[in-house]
Every structure is written in C-alpha cells, then in structure tokens.
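*Asks:* Have a look at this one.
The values are calculated or read from the model by the stated rules, or taken from the named source; none is laboratory data. This structure is a prediction, so every number in the text was calculated from the model and none was measured. A quick note on method: Cβ atoms are made from the backbone with ideal geometry, for glycine too, and the neighbour counts reach across all protein chains shown. To get the accessible areas, we keep the full protein, side chains included, count just its heavy atoms, and leave off ligands, DNA and RNA. Shrake-Rupley method; radii C 1.70, N 1.55, O 1.52, S 1.80 Å.
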Amino acid sequence: IVEGTTKVSVPVPPPDATFPPSAAPVFYNPEMELNRDINVAATAVFVERLLSRKELLREEVRYVDAFSASGIRGLRIAGEVGIHATMNDWSPEAFELIKENIKINGLEEQTQVTRKSANVLLHEQKFHIVDIDPFGTPAPFLDAASTSVRGMLSVTATDTAPLCGAHLKAGIRKYAAVPLNTEYHSEMGLRILLGACARELAKHEKGMLPLLSHVTRHYVRTYLEVLPGTKQTDRTLKSIGFSIHCPKCGFRGPVYGLAVHIEKECPVCGAFTQIAGPLWLGPFREQAFCDEVISELEVHPLNTKDKAKKLITLCRDELDIPMFYDQHVICKELGASATGIEILIEALKAQGFEASRTHFSGTSFRTDAPITEIKEIIRAL
Ligand code: SAM
C-alpha cells in the first residue's frame with residue numbers, strides 16, 4: 001500500500017472477505033487515509049509552530065503513534081514530516097510488521113518500535129505529540145496520554161454511537177457525561193469527546209486549545225494544543241458546560257460552567273428541556289491553524305488532497321455557535337420544502353443574522369438567529 005510517500009506491507013484480505021479490517025491479523029483500514037493525510041499536514045504545521053519557539057531542534061521533537069498496527073501512521077510522520085516517531089503496538093504480529101515496514105522505508109534512524117500496553121508506554125515516556133488511534137473509544141487511554149503529552153494531543157474515536165447518544169449508557173460510562181441523540185448528534189459527539197479530554201488534561205494541570213477537529217461518518221478526530229499550568233487549565237475549564245435542548249420547538253442553548261443552575265423550562269415554548277453534558281462549548285478549531293493546514297496539504301502528494309481541503313475549509317468557516325440546525329428537520333416540522341442550503345444562509349444574513357454552513361453535513365447550518373426567527377425565514381422562502 002502507498003499513502004503519501006510512504007510504502008507499507010499490510011495483510012490484504014481476499015476480495016470476498018466478510019470480516020471487518022479489525023479481524024485481520026494486523027489492522028489496516030483504507031477508509032482512514034483521509035484521517036492520516038490530514039494528520040501529516042496538521043502535525044507538520046504544529047511542528048513548525050513548536051520549532052518557531054526556538055526551544056527545540058527538529059531532531060529533538062518526539063511523536064508517538066501509541067496504537068500503531070502496521071506502523072503506517074507513525075511511518076508517515078517520520079518520512080513525510082521528518083521528525084522522530086515511536087510506533088507502539090502490543091500485538092506480536094503488529095510489532096514484527098512495523099519493523100518490516102520501517103526497513104521498507106529506510107527509516108531506521110528516526111524511529112523506535114515498542115511492544116507495550118499503550119498506557120504503560122505513555123506513563124514511562126514523555127512525547128511532544130501523542131497520537132491515540134485505538135479501536136473504538138480512546139477513554140481508557142486519555143489519562144496516560146495527558147501525563148505524557150508535552151505539545152499536541154491527537155485523538156481518534158470510532159465509538160460514535162456512545163459519543164452521540166445512540167448508546168446512552170455506554171456514553172455515560174465512557175465519558176462521564178450525558179450525550180443527547182438529536183439531529184446534531186455528530187456535533188454532540190465531538191463536544192462530549194472534547195469535554196472529556198479537557199477534564200482529563202485538567203487532572204494534570206494542563207489546559208488545551210483545539211486546533212482542528214472533524215467528524216466523518218464513522219469517527220471523530222481532534223488535534224489539541226496542550227498548554228501547561230493552572231492558569232491555562234482554569235481558562236480551559238471555562239469552556240466546559242451543558243447544552244439545553246427543547247424536543248418540542250427545537251430551541252437549543254449553551255450553559256457555561258460546571259456548577260450551574262439549569263433552567264428546566266424551554267425559554268421559547270415552556271416545554272420541559274433535556275440537558276446534555278458536561279461537554280465542550282468553546283471553538284473546536286483555530287482558524288489560523290486551519291489556514292496553515294490547507295497550505296500544507298498543497299505541498300504533499302496526497303490521494304485525498306481535494307477532499308481534505310474541502311473538509312478543513314468548511315471547518316474553518318463555521319461560526320463558533322453550538323449546536324448546528326438541520327434544515328431538513330425544520331422543514332419537515334413546518335411542512336415546507338427545503339431550498340438549497342446557501343439560499344437559506346443568505347436569507348438569514350439578509351435579516352441581519354450571522355449564518356454559516358458546517359462540515360458535519362450538507363443540510364446543516366449555524367446561526368445566531370433564535371429558533372422562532374429561523375422558522376419564520378424558512379416559511380417565507
Ligand atoms: N493507527 C493505526 C492506523 O492508522 O492504521 C490503526 C490502529 S488499530 C485501530 C488499533 C491497534 O491498537 C491494533 O493494532 C491493536 O493491536 C492495538 N492495541 C489495542 N489496544 C492496545 C493497548 N492497550 N496497547 C497497545 N496496543 C493496543
């Protein structure tokens with residue numbers, strides 16, 4: 001398999017295989033190429049930021065791919081970003097395959113391979129960039145990752161059903177938070193994950209600044225700059241709170257802070273509201289970082305370049321207002337037919353409101369317009 005400029009040997013299932021990639025002797029999922037392509041660009045941008053502080057030399061920067069499988073993620077960072085990468089996997093088959101793949105790429109000098117429980121490795125060694133890409137939930141590894149990380153924490157979660165509220169009890173068990181399964185469940189999942197990361201880091205007196213986050217069909221991915229110290233931690237926790245949702249009229253609203261009095265009645269229609277959280281209410285990406293990643297994508301030969309650029313551009317241009325609305329859900333309630341999303345966004349702007357698309361889906365939008373105004377505008381279209 002070739003991704004970017006990295007070549008790896010992976011076990012290829014027969015074309016008629018009925019088992020998922022996770023059942024192969026060593027895991028490789030071609031659907032994650034977009035995730036890994038963005039990882040190369042985002043890590044390269046973060047490394048440049050680290051180096052610009054003049055505290056480190058490039059050869060001193062340490063990246064860990066703590067759940068490495070074939071080694072492809074870490075090898076791409078070593079070869080395509082040009083920094084040292086540690087690749088870890090507790091499976092003996094994966095350990096042997098990583099060593100073979102290092103040789104194929106001639107990257108012996110700038111890599112290290114370990115065969116440990118990820119939590120043990122992360123408690124033993126400090127890394128500037130910690131990348132957590134396990135099967136399913138990252139929750140059992142966030143504590144050790146928070147201990148180890150010195151610069152950026154990159155996390156993939158594929159347990160979208162618990163995160164998004166579809167498997168409510170599993171979500172509560174893993175993330176110590178209540179998710180709500182609404183039409184904006186994908187954003188709910190991202191904010192529940194970010195909230196959990198912020199609280200894990202806070203235990204170690206580390207704050208965070210989300211640099212880039214995206215949700216695709218089956219996973220959530222986030223890149224968090226980690227900022228040490230009590231001041232940064234306290235600042236970070238100000239972005240944690242709850243989210244109120246009215247199932248009757250569709251009102252939604254943030255409630256900042258962990259110790260809050262939560263209104264039970266919907267301020268718009270008076271119905272009982274539902275409450276999700278604790279979760280992250282702050283921005284989930286930094287616009288300047290997105291700009292730099294888009295430029296960085298240009299300079300790498302990547303199979304998913306166009307898709308990655310489109311995704312990050314949408315992400316950059318979203319308003320910082322939680323949670324998004326779905327045009328089709330509101331149209332269905334009103335018995336109205338849906339226009340193109342851009343027409344709706346222009347109509348909201350024409351009434352003096354802010355409005356944007358989101359990267360979550362083609363029918364979603366954000367606005368500061370109250371739900372009653374949104375419905376009026378949709379009716380009038
Ligand atoms: N990062 C890889 C990629 O981009 O192709 C995919 C990693 S795969 C989803 C998860 C890997 O983590 C598997 O190879 C599995 O053997 C390994 N693993 C699972 N739990 C682990 C643990 N606690 N410590 C170390 N490795 C673990």
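*Asks:* On the basis of being farther than 23 Å from Glu286 by Cβ, open to solvent by 70 Å² or more (accessible area, probe 1.4 Å), touching a helix residue (DSSP H, G or I) at 6+ places or on another chain (Cβ under 8 Å) and modelled with pLDDT of 95 or more, does Lys99 make the cut?
*Replies:* Details: farther than 23 Å from Glu286 by Cβ: yes; open to solvent by 70 Å² or more (accessible area, probe 1.4 Å): yes; touching a helix residue (DSSP H, G or I) at 6+ places or on another chain (Cβ under 8 Å): no; modelled with pLDDT of 95 or more: yes.
Here the answer is no, as Lys99 does not meet what is asked.
*Asks:* Counting only residues that are near the ligand (Cβ under 10 Å from one of its atoms) and under 20 Å from Trp90 (Cβ atoms), how many does the stretch 1-20 have?
*Replies:* 2
*Asks:* OK, next. What's the total number of residues in the stretch 75-94 that are open to solvent by 10 Å² or more (accessible area, probe 1.4 Å) and assigned to a helix (DSSP H, G or I)?
*Replies:* Within the stretch 75-94, the subset open to solvent by 10 Å² or more (accessible area, probe 1.4 Å) is 79-82, 84, 89-93.
From what's left, assigned to a helix (DSSP H, G or I): 79-81, 92-93.
Matching residues across the stretch 75-94 total 5.
*Asks:* Now for a different question. Among the residues of the stretch 21-62, write down those that are away from the ligand (no atom under 12 Å from the Cβ), open to solvent by 10 Å² or more (accessible area, probe 1.4 Å), in a loop (DSSP other than H, G, I, E, B) and of a type in the set (A, V, I, L, M, F, W, C).
*Replies:* Leu56, Leu57 - these are the residues of the stretch 21-62 that are away from the ligand (no atom under 12 Å from the Cβ), open to solvent by 10 Å² or more (accessible area, probe 1.4 Å), in a loop (DSSP other than H, G, I, E, B) and of a type in the set (A, V, I, L, M, F, W, C).
*Asks:* Got a sec? Which of Ala157, Ala198, Ala177 is in contact with a strand residue (DSSP E or B) (Cβ under 8 Å, 6 or more places away or on another chain) and within 16 Å of the ligand (Cβ to nearest atom)?
*Replies:* Numbers: Ala198 fails: within 16 Å of the ligand (Cβ to nearest atom); Ala177 fails: within 16 Å of the ligand (Cβ to nearest atom).
That would be Ala157, the only listed residue that is in contact with a strand residue (DSSP E or B) (Cβ under 8 Å, 6 or more places away or on another chain) and within 16 Å of the ligand (Cβ to nearest atom).
*Asks:* Condition first: in a loop (DSSP other than H, G, I, E, B) and within 14 Å of the ligand (Cβ to nearest atom). Can you find one or more residues in the stretch 122-129 that meet it?
*Replies:* Quick first cut of the stretch 122-129, residues in a loop (DSSP other than H, G, I, E, B) only: 125-126.
From what's left, within 14 Å of the ligand (Cβ to nearest atom): 125.
Yes, some residue in the stretch 122-129 is in a loop (DSSP other than H, G, I, E, B) and within 14 Å of the ligand (Cβ to nearest atom).
*Asks:* Also, quick follow-up: Modelled with pLDDT of 95 or more and at positive phi - does that describe any residue in the stretch 217-224?
*Replies:* Let us first name the residues in the stretch 217-224 that are modelled with pLDDT of 95 or more, namely 219-224.
Applying the additional criterion that residues be at positive phi yields none.
Taking every residue of the stretch 217-224 in turn, none turns out to be modelled with pLDDT of 95 or more and at positive phi.
*Asks:* Could you tell me which residue of the stretch 174-207 is most open to solvent (accessible area, probe 1.4 Å), considering only residues that are under 26 Å from Asp326 (Cβ atoms) and in a loop (DSSP other than H, G, I, E, B)?
*Replies:* Here the answer is Asn181.
*Asks:* Then there's this: Spot the failing condition for Lys264; the list is (1) of a type in the set (D, E, K, R); (2) more than 22 Å from Phe46 (Cα to Cα); (3) in contact (Cβ under 8 Å) with a residue 24 or more places away in the chain, and only one is missed.
*Replies:* It is condition (3) that Lys264 fails.
*Asks:* Kindly list the number of the only condition in (1) over 18 Å from Ser213 (Cα atoms); (2) in contact with a helix residue (DSSP H, G or I) (Cβ under 6 Å, 6 or more places away or on another chain); (3) of a type in the set (Gly, Ala, Ser) that fails for Ala176.
*Replies:* (2)
*Asks:* Right, something else. From Asp89, Asp65, which residue is acidic (Asp, Glu) and touching a Phe, Trp or Tyr at 6+ places or on another chain (Cβ under 8 Å)?
*Replies:* On the way: Asp65 fails: touching a Phe, Trp or Tyr at 6+ places or on another chain (Cβ under 8 Å).
Criteria check complete, one pass: Asp89.
*Asks:* Condition first: among the hydrophobic types (A, V, I, L, M, F, W, C) and in contact with an Asp or Glu (Cβ under 8 Å, 6 or more places away or on another chain). Can you find one or more residues in the stretch 157-171 that meet it? Before the answer, list the steps.
*Replies:* Restricting attention to the stretch 157-171, the residues satisfying the condition of being among the hydrophobic types (A, V, I, L, M, F, W, C) are 157, 161, 163-164, 166, 168, 170.
Right, trim to in contact with an Asp or Glu (Cβ under 8 Å, 6 or more places away or on another chain) and you get 170.
Checked against the condition, which is being among the hydrophobic types (A, V, I, L, M, F, W, C) and in contact with an Asp or Glu (Cβ under 8 Å, 6 or more places away or on another chain), the stretch 157-171 yields at least one hit.
*Asks:* Just the residues that are aromatic (Phe, Trp, Tyr) and part of a loop (DSSP other than H, G, I, E, B), please, taken from the stretch 63-74.
*Replies:* Across the stretch 63-74, the qualifying residue is only Phe67.
*Asks:* Right, here's the next one. Mind checking whether some residue in the stretch 329-341 is in contact with a Gly (Cβ under 9 Å, 6 or more places away or on another chain), open to solvent by less than 40 Å² (accessible area, probe 1.4 Å) and outside any loop (DSSP other than H, G, I, E, B)? Break it down into steps so the answer makes sense when it comes.
*Replies:* Filtering the stretch 329-341 down to residues in contact with a Gly (Cβ under 9 Å, 6 or more places away or on another chain) leaves 329-330, 333, 341.
Of the ones still in play, those that are also open to solvent by less than 40 Å² (accessible area, probe 1.4 Å) are 330, 341.
Restricting the remaining residues to those that are outside any loop (DSSP other than H, G, I, E, B) gives 330, 341.
Scanning the stretch 329-341, I find at least one residue that is in contact with a Gly (Cβ under 9 Å, 6 or more places away or on another chain), open to solvent by less than 40 Å² (accessible area, probe 1.4 Å) and outside any loop (DSSP other than H, G, I, E, B), so the answer is yes.
*Asks:* Looking at (1) of a type in the set (A, V, I, L, M, F, W, C); (2) modelled with pLDDT under 95; (3) within 9 Å of the ligand (Cβ to nearest atom), which one does Ala94 not meet, given that it meets all the others?
*Replies:* Of (1) of a type in the set (A, V, I, L, M, F, W, C); (2) modelled with pLDDT under 95; (3) within 9 Å of the ligand (Cβ to nearest atom), only one is false for Ala94: (2).
*Asks:* Which residue out of Gly165, Gly171 is among the small types (Gly, Ala, Ser), surrounded by fewer than 24 Cβ atoms within 10 Å (Cβ to Cβ) and over 24 Å from Asn39 (Cα atoms)? Give the derivation first.
*Replies:* Details: Gly171 fails: surrounded by fewer than 24 Cβ atoms within 10 Å (Cβ to Cβ).
Exactly one of Gly165, Gly171 is among the small types (Gly, Ala, Ser), surrounded by fewer than 24 Cβ atoms within 10 Å (Cβ to Cβ) and over 24 Å from Asn39 (Cα atoms), namely Gly165.
*Asks:* Surrounded by fewer than 20 Cβ atoms within 10 Å (Cβ to Cβ), in a loop (DSSP other than H, G, I, E, B) and among the acidic types (Asp, Glu), is that true of Glu108? Before the answer, list the steps.
*Replies:* Numbers: surrounded by fewer than 20 Cβ atoms within 10 Å (Cβ to Cβ): yes; in a loop (DSSP other than H, G, I, E, B): yes; among the acidic types (Asp, Glu): yes.
So Glu108 fits the description; yes.
*Asks:* Something else now. Tally the residues that are among the small types (Gly, Ala, Ser), assigned to a helix (DSSP H, G or I) and either open to solvent by 10 Å² or more (accessible area, probe 1.4 Å) or within 15 Å of the ligand (Cβ to nearest atom) (or both), restricting the search to the stretch 139-154. Explain how you work it out, then say what you get.
*Replies:* First, pick out the residues of the stretch 139-154 that are among the small types (Gly, Ala, Ser): 139, 144-146, 148, 151, 154.
Subsequent filtering for residues that are assigned to a helix (DSSP H, G or I) retains 139, 144-146, 148.
Filter again for either open to solvent by 10 Å² or more (accessible area, probe 1.4 Å) or within 15 Å of the ligand (Cβ to nearest atom) (or both), leaving 139, 144-145, 148.
Looking only at that region, the number is 4.
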